[in-house]
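Please read the structure below before turning to the comments.
The values are calculated or read from the model by the stated rules, or taken from the named source; none is laboratory data. Since this is a predicted model, take the numbers as computed values, not measurements. Quick reminder, even Gly has a Cβ in these numbers, built from the backbone with ideal geometry, and neighbours come from all protein chains shown. Keep in mind that these areas ignore ligands, DNA and RNA; they rest on the heavy atoms of the full protein, side chains included. Shrake-Rupley method; radii C 1.70, N 1.55, O 1.52, S 1.80 Å.
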Amino acid sequence: MRKTSIRLFVESRLGEGVTHQCSPAQSNYLRNVLRLGPGADVLVFDGEKGEWLARIVSAGKGGVALEVVQQTRTQTSGPDLHLLFAPLKRARLDYMAQKATEMGVAVLRPVITRRTVAERVRTDRLRANAIEAAEQCGVLRVPDVAEPVSLEKALSTWDTRRRLVFCDEAAPVASPLDALSVLSSGPLAVLIGPEGGFEPDEQAMLRRQPYICALSLGPRVMRADTAAVAALAIVNAALGDWR
């Protein structure tokens, strides 16, 4: 089997012998940027059926078509971990989506808080960044992107079987590993607040919830995008698939 480092996420379901018609953007990338033609190999994944070796069978003006040859990796589920976050401005939100994908999150959920500064959330941009990160880093799962909701609505409709790790500078336990040690493996979520922090009444509302676990990220103040990476790393190490 020939090796290639070129990876593409595809929306169609994959299987041996399946023919996939690339999107215009993918066709342009393969034909005009990489200058690949018939016979060239790429890796493709769909988020459900693992990773497959595919071969270019046509690359004309009508686009690039791939024939799926054989499976290279079976699908892995990854941790049952959601990331809830107050939306940030564009570049830092892009970064957060990319790094969360690399960390293996299953769902990205924007949550609107009192101090959220981003005026709108483009979920299509979030998904595009997640796909790009998965393609580049060998990840087999692309997280779902949920529509933005208010913090109040997120909590009022919460599935209490999923523990929510709330990044709280006033957490009663200083060590994040000690704080997580009381939790068992299972459905988890991490909540990252806005740059200015949560309003006092929002903090109080969060702390009242029985499924909340307050998590300190240490003595230094972090930007929200940095805090997301730090919190996801700690959760994966303590309860996720890094153990």
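Skip the ligands, DNA and RNA, and give the accessible area per residue of the chain with a 1.4 Å probe, whole Å².
Each residue of the chain exposes 50 Å² on average to a 1.4 Å probe.
So for 234, 56, 112, what's the accessible-area order with a 1.4 Å probe, most first?
Descending order: 112, 234, 56.
Search the structure for amide H atoms under 5 Å from the amide H of residue 40, placed 1.01 Å from N in the peptide plane, and list their residues when 5 or more places away or on another chain.
56
On the full set of protein chains, 1.4 Å probe, figure out the accessible area of residue 156 and give it in Å² to the nearest 10.
That residue has around 90 Å² of solvent-accessible surface.
For segment 121-243, with only Lys/Arg (+1) and Asp/Glu (-1) charged at the beta-carbon, what is the dipole magnitude about the Cα centre, in debye rounded to 20?
280 debye
Would you pull out the residues with amide H under 5 Å of residue 145's amide H, same chain only if 5 or more places away, H placed 1.01 Å from N?
108
Please check which bits of segment 65-95 a label hung off residue 149 would reach, taking the label as a point 7 Å along Cα-to-C-beta and the cut-off as backbone N under 18 Å.
What the label zone holds, given the 18 Å backbone N cut-off, is 81-87.
With unit charges on the beta carbon (Lys/Arg positive, Asp/Glu negative), name the residue among 211, 181, 65 whose Cα is farthest towards the positive pole of the charge dipole of the chain.
65
Mind listing the long-range amide H neighbours of residue 50? Cut-off is under 5 Å, sequence gap 5 or more, other chains count too, H placed in the peptide plane at 1.01 Å from N.
Under 5 Å from the amide H of residue 50 lie the amide H atoms of 75, each far enough along the sequence or on another chain.
With θ taken as phi - 60° and the coefficients 6.51, -1.76 and 1.60, list the Karplus ³J(HN,Hα) couplings across segment 141-147 in order, rounded to whole Hz; mark glycine and proline as x.
Result, ordered by residue: 10, 9, x, 5, 10, 8, 6 Hz.
Got a sec? Charge dipole of segment 1-121, +1 on Cβ for Lys and Arg, -1 for Asp and Glu; which of 106, 4, 95 is way out at the positive end?
Most positive-ward Cα: 95.
Keeping all protein chains in the complex and leaving out DNA, RNA and ligands, what accessible area do you get for residue 122 with a 1.4 Å probe, in Å² to the nearest 10?
Solvent-accessible area, nearest 10 Å²: 90 Å².
In whole percent, and with a 1.4 Å probe on the protein chains, what portion of the accessible area of segment 86-177 is carbon and sulfur?
Result for segment 86-177: 48 percent of the exposed heavy-atom area is carbon or sulfur.
So, with +1 on the Cβ of K and R and -1 on the Cβ of D and E, and no other charges, what is the size of the charge dipole of the chain about its Cα centre, to the nearest 20 debye?
Once rounded to the nearest 20, the dipole reads 480 debye.
Please report, in debye to the nearest 20, how large the charge dipole of segment 43-99 is about its Cα centre when each Lys and Arg carries +1 at its beta carbon and each Asp and Glu carries -1 there.
Using only the charged Cβ atoms, the result is roughly 360 debye.
Per-residue HN-Hα couplings for segment 218-229, Karplus 6.51 cos²θ - 1.76 cosθ + 1.60 at θ = phi - 60°, whole Hz, x for Gly and Pro?
Per-residue couplings from phi come out as x, x, 9, 7, 10, 5, 4, 5, 5, 4, 4, 5 Hz.
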